[in-house]
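Accompanying notes for the structure given below.
What follows is calculated from the coordinates using simple rules that are stated; it is not laboratory data. Note that the coordinates shown come from a computational prediction; the quantities given were computed from them, not determined experimentally. Because the Cβ atoms are built from the backbone with ideal geometry, glycine has one as well, and the counts that use them run over all protein chains shown.
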Amino acid sequence: MEPFALALDLVTGRLAPHTSRTVRRISEMSGMYADADAHEQLAGTGDPVVYEVLQYDVPFDNGQLVCCTTVIYAGLVGEEYFMTKGHFHEKRSTGEVYLGISGHGYLLMFVDGRTAELEMGPGTLAYVPPYWAHRTLNVGDEPFSFLAVYPGDAGHDYRTIERTGFPRRVIRAASGPIVVSAFGETPRSIG
Ligand code: S6P
Ligand code: ZN
């Protein structure tokens with residue numbers, strides 16, 4: 001791998017050049033949003049793009065660092081904000097750093113019965129420790145973008161979350177975004 005420099009647009013969060021681009025549409029997120037009817041309706045009427053990941057690929061090796069940006073578009077499924085699928089790293093002992101670029105969102109995490117929610121905006125540097133599952137979502141009216149840097153050999157385990165769900169959701173309330181339990185505990189405001 002040779003050294004390289006990329007252009008990161010601090011307004012849009014787009015990375016150029018990139019060697020891979022993942023475009024995730026609402027139809028690819030069945031079972032992830034609480035309101036299944038709203039999800040089905042949205043998937044059947046335009047199937048909007050929920051988020052994109054732009055990445056400059058490096059070898060899948062220990063010691064390499066992957067740099068990529070995620071742009072989550074503004075939108076709701078029912079009252080739940082557009083979000084990423086969420087994952088554990090396949091190699092659980094690998095962490096990750098996120099840097100907020102534009103817009104406003106949240107980073108949800110969990111591990112072994114513990115949960116965390118971090119508010120993110122431009123310039124927020126957030127740390128995902130090893131072992132923690134992570135998902136991001138856009139609570140604003142503009143696209144929310146962030147840079148992620150993670151080990152080349154991390155890998156992504158989506159299946160566990162598809163099977164067990166994510167313990168927290170963020171939904172729109174009159175007061176703004178609130179974090180609620182996905183498993184029926186009392187909702188609590190994140191103000
Ligand atoms: C990779 C890192 C991010 C996510 C991206 C999309 O380890 O955490 O680049 O891949 O935000 O989320 P997801 O859950 O669909 O991979
Ligand atoms: Zn990750």
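Assorted remarks:
- Condition check for Tyr158: within 11 Å of ligand 1 (Cβ to nearest atom), surrounded by fewer than 19 Cβ atoms within 10 Å (Cβ to Cβ) and closer than 25 Å to Pro59 by Cβ: yes
- Positions within region 129-149 being among the small types (Gly, Ala, Ser) and closer than 19 Å to Ala116 by Cα, in sequence order: Ala133, Ala148
- Neighbours by Cβ (under 6 Å, 6+ apart or cross-chain): first from region 149-167, farther than 15 Å from Val128 by Cα and part of a loop (DSSP other than H, G, I, E, B); second within 14 Å of ligand 2 (Cβ to nearest atom) and small (Gly, Ala, Ser): Phe166/Gly86
- Candidate set from region 36-68 (those that are in contact with a His (Cβ under 8 Å, 6 or more places away or on another chain) and under 19 Å from Leu107 (Cα atoms)); member that is surrounded by the fewest Cβ atoms within 10 Å (Cβ to Cβ): Cys68
- Test: Val179 is more than 11 Å from ligand 2 (Cβ to nearest atom), within 16 Å of the chain's Cα centre (by Cα), under 22 Å from Gly31 (Cβ atoms) and surrounded by fewer than 21 Cβ atoms within 10 Å (Cβ to Cβ): yes
- Checked against the criterion of being polar (S, T, N, Q) and either under 22 Å from Met120 (Cβ atoms) or touching a Lys or Arg at 6+ places or on another chain (Cβ under 7 Å) (or both), the candidates Ser93, Ser102, Ser27, Ser20 yield just one match: Ser102.
- Scan of region 110-147 for residues that are aliphatic (A, V, I, L, M), more than 10 Å from the chain's Cα centre (by Cα) and either on the phi > 0 side of the Ramachandran plot or within 16 Å of ligand 2 (Cβ to nearest atom) (or both), ordered by number: Val111, Ala116, Leu118, Met120, Leu125, Ala126, Val128, Ala133, Leu147
- Tabulated pairs, region 26-53, first at positive phi, second assigned to a strand (DSSP E or B), C-beta under 8 angstrom, 6+ apart or interchain: Asp47/Arg25
- Leu147 falls short on exactly one of the conditions (1) within 22 Å of Val53 (Cβ to Cβ); (2) away from ligand 1 (no atom under 15 Å from the Cβ); (3) hydrophobic (A, V, I, L, M, F, W, C); (4) surrounded by fewer than 20 Cβ atoms within 10 Å (Cβ to Cβ), and that condition is (2).
- Selection status of Gly86, under 20 Å from Tyr150 (Cβ atoms), surrounded by 15 or more Cβ atoms within 10 Å (Cβ to Cβ), within 16 Å of ligand 2 (Cβ to nearest atom) and not acidic (Asp, Glu): yes
- The residues of region 75-84 that are under 15 Å from the mean Cα position of the chain (by Cα), assigned to a strand (DSSP E or B) and not charged (D, E, K, R), listed by number, are Leu76, Tyr81, Met83.
- Looking only at residues in region 94-105 that are within 14 Å of ligand 1 (Cβ to nearest atom) and in a loop (DSSP other than H, G, I, E, B), the one that is surrounded by the fewest Cβ atoms within 10 Å (Cβ to Cβ) is Gly95.
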